[in-house]
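Trainee: One structure is given below, represented as structure tokens, and several questions about it will come after.
Laboratory data are not the source of any read-out in this text; all were calculated from the coordinates shown. None of the values given here were measured: they were computed from a predicted structure. FYI the Cβ positions are ideal-geometry reconstructions off the backbone, even for glycines, and counts take in every protein chain you see.
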Amino acid sequence: MEKYVIEELLKINKIQDTKITGENREISLEIGGKKVNGFTTCIFLIYQTQIDEDIFKKNISLVHHWLSYFSREFFHCSSQQELQRCLKYIDSELLVKSYLCGFEESIADIVLFISLSPFVNTWDYYTKEQFINISRWISVLQRSNLLKGIGRTVTFSKTLLYC
């Protein structure tokens, strides 16, 4: 999953002449002669070179927390129960916040959106309602300027279908 997310972020940010080596927890990225190891460091390298510094600097410790969580736990769920536990945790964190790191988009939101959207597209409405905060978050985030050009949208019901 780490390699997929990094490749998608490179596409979104139109970064070329890169080299990705390794897989999962052993991943490395080279951009313009600068090479880094580890998922979180790779993500930071992408955003240091491409995006407005404000998004990079916002809530850097929370962004680091989320990127580490994705790399250590969420991307490596070995069972359906583990995945459900991770999704419930993320859903509960979004209960009182608009975005993962507070009330503004961050790199962590972009990474989670890229990794979740292919799966959420396969969820039925009942499953989407089980994770209502994730669903709300995706609905808002998919209209973000930061994700412009990604070409992924998830359809949601306008009203609750299940109680």
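Trainee: Over region 2-147, what is the mean sequence separation of C-alpha contacts under 8 Å (at least six apart), divided by residue count, expressed as relative contact order in percent?
Mentor: 19
Trainee: Shape call for region 2-147 from the C-alpha gyration tensor, a ≥ b ≥ c root eigenvalues: rounded (a/c under 1.5), prolate (a/b greater than b/c) or oblate?
Mentor: Prolate is the answer for region 2-147, as a/c is 1.5 or above and a/b outweighs b/c.
Trainee: In addition: Which net charge results for the neighbourhood of Cys42, defined as the other residues with beta-carbon distances under 14 angstrom from its beta-carbon, given Lys and Arg at +1 and Asp and Glu at -1?
Mentor: Within the 14 Å Cβ shell, the charges total -1.
Trainee: What is the dipole size for region 1-117, taken about its Cα centre, with +1 at each Lys and Arg Cβ and -1 at each Asp and Glu Cβ, in debye to the nearest 20?
Mentor: Computed about the Cα centre, the dipole is about 180 debye.
Trainee: Mind listing which trypsin sites (Lys or Arg not before Pro) in region 73-118 are in a DSSP loop and have 11 or fewer other Cβ atoms within 10 Å?
Mentor: none
Trainee: Still on this structure: Which entries in the list Lys34/Lys97; Lys3/Lys128; Lys19/Lys128; Lys11/Lys88 go over 32 Å, if you measure between the two C-alpha atoms of each?
Mentor: Lys34/Lys97; Lys19/Lys128
Trainee: Using a ≥ b ≥ c from the Cα gyration tensor of region 84-135 (square roots of the eigenvalues), is it rounded, prolate or oblate, where a/c under 1.5 gives rounded and otherwise the larger of a/b and b/c decides, a/b for prolate?
Mentor: Since a/c reaches 1.5 but b/c is at least a/b, the shape of region 84-135 is classed as oblate.
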